[in-house]
Amino acid sequence: MFQIEFKEGFIKLITAILLLSGYFLIFLPVYLPYLKRWQLNHMRKQRGSQSTQSKIFKTVTNMLETAYGKATPNMVYSFLLIMVTLYVVVAVTLMINSFSILSALTSAAILPAMVYGYLSIRIYKNRVKISFEGTVAINELTNNYRIQHRNLIEALEYTSNELTEKAPLMRALFLNMTYRLRDAQSEVEIRESIAMMGYTVQTSWAHQLVNLFNIAVIKGEDITDGLIEVANDLSRLEELNEFKKRENNQSRMMLYVLSPLLLVGSAVALFTLFDFTFEKYISYQFQSPIGFKMFFFMIVSFTGAILMYKLFTQSKNDF
């Protein structure tokens, strides 16, 4: 009975999606010129200050740029559209399959939250990688800063050209910052452009660089001593990182040994002591509404546990 209702609900959902897609394609020539005109006007507004953008748009832009190295307006709007579409599709599917309206709306938020979680994991992994590129990048920047007669923007551009293989993430960060600083037309835009580095790396030494860059670009003061001090601090972190790595390896070894033993022991106990079979598992899990709900929440919990493990087993190069 549950399988029949599930199939009927799934067919209804697919039919509704196909009908909406058909209407979209039929009326596409009517509103396509308006869409192109809106996109052109929007692109013109994007060139210049970002102070008029909404907080959500800025947050998503910063996240996508940190995760993938770039974030165009089309990427931001596509991401927001995908999140909303996922929520609506999952909510409708759950309501069709015996979920109440409240539980369906609540449970549907889990999938977009998982997408947000994946993006957060990717951002954190990039922050871990880029934090270990700081020593090389700052040493190169300090040298170029002297060569370019204390011109920070020129030093950033020359440094980014030299970091293609040594520090690719810092290269992209410096290059994007160079473009923003050259297009900046006010002190607010300068501060926003430089603050992106603090958000991207999110370490104490990155925030020190943000303060130094603001002093160099806005006030025009010499920051050579400050750059050297930050580079020396990063060099002293190497010994501390080796100690942390040894402790983390010991903890992971215990987890890798105990987790398989617990899983295998649980399976053996179920099949040998409690007369459990694979057929019973399929019947309990997928052929009853309660089993299907429990399977859904189990997958969500399992995926969340993996994401949390990936998040907290890596540490950034920071004090």
Task: In Hz, Karplus ³J(HN,Hα) per residue of region 64-72 (6.51, -1.76, 1.60; θ = phi - 60°; x = Gly, Pro) - done: 5, 5, 5, 7, 10, x, 7, 7, 7
TODO: Provide the per-residue ³J(HN,Hα) series for region 233-240, in order, calculated from phi with Karplus coefficients 6.51, -1.76, 1.60 and θ = phi - 60°, each as a whole number of Hz, with x at glycine and proline positions.
DONE: 4, 5, 5, 6, 6, 4, 5, 5
Task: 25 Å Cα-Cα threshold exceeded, pairs from LYS58/LYS293; LYS125/LYS293; LYS219/LYS316; LYS58/LYS219; LYS58/LYS129 - done: LYS58/LYS293; LYS125/LYS293; LYS219/LYS316; LYS58/LYS219
Open item on the list: On a 1.4 Å probe surface of the protein chains, which of THR66, THR59 comes out largest in accessible area, and what is the full order?
Closed with: THR59, THR66
Task: For region 50-119, accessible area per residue (1.4 Å probe, heavy atoms of protein chains only), Å² - done: 54
TODO: List the trypsin sites (Lys or Arg not before Pro) within region 115-215 that fall in a DSSP loop (any state other than H, G, I, E or B) and whose Cβ has at most 16 other Cβ atoms within 10 Å.
DONE: ARG150, LYS166
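The values are calculated or read from the model by the stated rules, or taken from the named source; none is laboratory data. Since we're looking at a predicted model, the values are computed, not measured. Virtual Cβ from ideal backbone geometry, glycine too; neighbours counted across all protein chains shown. In case anyone asks, the SASA skips ligands and DNA or RNA and just uses the protein heavy atoms, side chains included. Shrake-Rupley method; radii C 1.70, N 1.55, O 1.52, S 1.80 Å.
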